[in-house]
Amino acid sequence: MNLRCFIAIGISEPICLEISDLIDALQKYDADIKWVKPGNLHFTLKFLGNTPEELLPEIHGSLLAIASSLEPFYINIYGTGVFPNKKYPRVIWAGVKDSDIMIRLKYALENAMSLLGFQKEDREFDPHLTLGRVRSRKGILHIVNELDTVAEKDFGSIHVRTVRLMKSDLRPGGPEYTCLYDVPLGRENKP
């Protein structure tokens, strides 16, 4: 059986609350946006998609090897914006400041997962938290203007101690995520 999987970094509760407050403020504009539920906020490092269940132990082994080579690190959630641009936004996001180690982790995962048959991502990795996906232009000008007021907001830091293999089940009310493996970084991963 195939599972819909991705590799991610979780978000701490204080950051989730900060982001949730921002999403609540943006929702007052009644724009046509599918907002991410605060409990579902995460940094996607590698989307695997349909993943054969029998590959899970190999994926776990690769995650253990990569995680043991990195010590826990901090990332700062900073700023907001839209992809691809303000004129035609499709994704609303919060960004990451000083993300070099996160980018190295991403590319280590890309290489390891390609050895297991998953396609490498072609585009450059731009670490971000997806806050919402724009469905139509309704109310979008208000959202873009409001995001400009928090374009340099500091949401705080996250101490990244683990990398997670997640399963995503698509439901009518939105996706439900389940953590299959929570792999500690660095010394915490060694016997």
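The values are calculated or read from the model by the stated rules, or taken from the named source; none is laboratory data. Everything quoted here is computed from the prediction, not taken from an experiment. Every residue, glycine among them, receives a Cβ derived from its backbone with ideal geometry; neighbour counts consider all protein chains shown. Each accessible area value is taken on the protein alone, full model and side chains, heavy atoms only, with ligands, DNA and RNA left out. Shrake-Rupley method; radii C 1.70, N 1.55, O 1.52, S 1.80 Å.
When the chain is modelled as a GNM with alpha-carbon springs shorter than 10 Å, which of Lys87, Lys120, Lys97 fluctuates the most?
Lys87
Rounded to the nearest Å, what's the spacing between the alpha carbon centres of segment 1-61 and segment 101-149? Just the number, please.
Segment 1-61 and segment 101-149 have Cα centres separated by 11 Å.
Using only alpha carbons, build the gyration tensor for segment 16-91 and give me the equivalent ellipsoid semi-axes, biggest first, whole Å.
32, 17, 13
Pairs of alpha-carbon atoms within less than 8 angstrom and 6+ residues apart define the contacts here; what relative contact order does segment 1-79 have, in percent?
It rounds to 48 percent for segment 1-79.
For the pairs Lys86/Lys167; Lys37/Lys106; Lys120/Lys153, flag any whose C-alpha to C-alpha distance is greater than 29 Å.
From Lys86/Lys167; Lys37/Lys106; Lys120/Lys153, over 29 Å: Lys86/Lys167; Lys120/Lys153.
Give me the percent relative contact order of the chain, please, defined on Cα pairs under 8 angstrom at least 6 residues apart.
34 percent
How do the peptides 36-44, 4-12 rank, highest first, by the average count of neighbouring beta carbon atoms within 10 Å per residue?
Final packing ranking: 4-12, 36-44.
Label segment 131-191 by shape, choosing from rounded, prolate and oblate, from the square roots a ≥ b ≥ c of the eigenvalues of the Cα gyration tensor; if a/c is under 1.5 it is rounded, and otherwise prolate applies when a/b is larger than b/c, oblate when it is not.
Note, shape of segment 131-191 comes out oblate.
Quick check: at a probe of 1.4 Å, how many percent of the accessible area of the chain sits on carbon and sulfur atoms?
50 percent
Ordered by packing density, taken as the mean number of other Cβ atoms within 10 Å over each peptide's residues, highest first, how do 176-182, 61-67 rank?
Most protected by this proxy first, the peptides run 61-67, 176-182.
List every residue whose amide H lies under 5 Å from the amide H of Gly49, counting only residues 5 or more places away in sequence or on a different chain, with H placed 1.01 Å from N in the peptide plane.
Amide H to amide H, under 5 Å and 5 or more residues apart or across chains, Gly49 pairs with Cys5.
Pop the C-beta distance of Asp21 and Ala65 into the FRET formula with R0 = 41 Å and round what comes out to the nearest 0.05.
Here the calculated transfer efficiency is 0.60.
Cα-Cα pairs above 23 Å in the chain: how many percent?
45 percent
Need one number for segment 40-145: average projected area of the convex hull over its C-alpha atoms, nm².
So the mean shadow area of the Cα hull is 8.2 nm².
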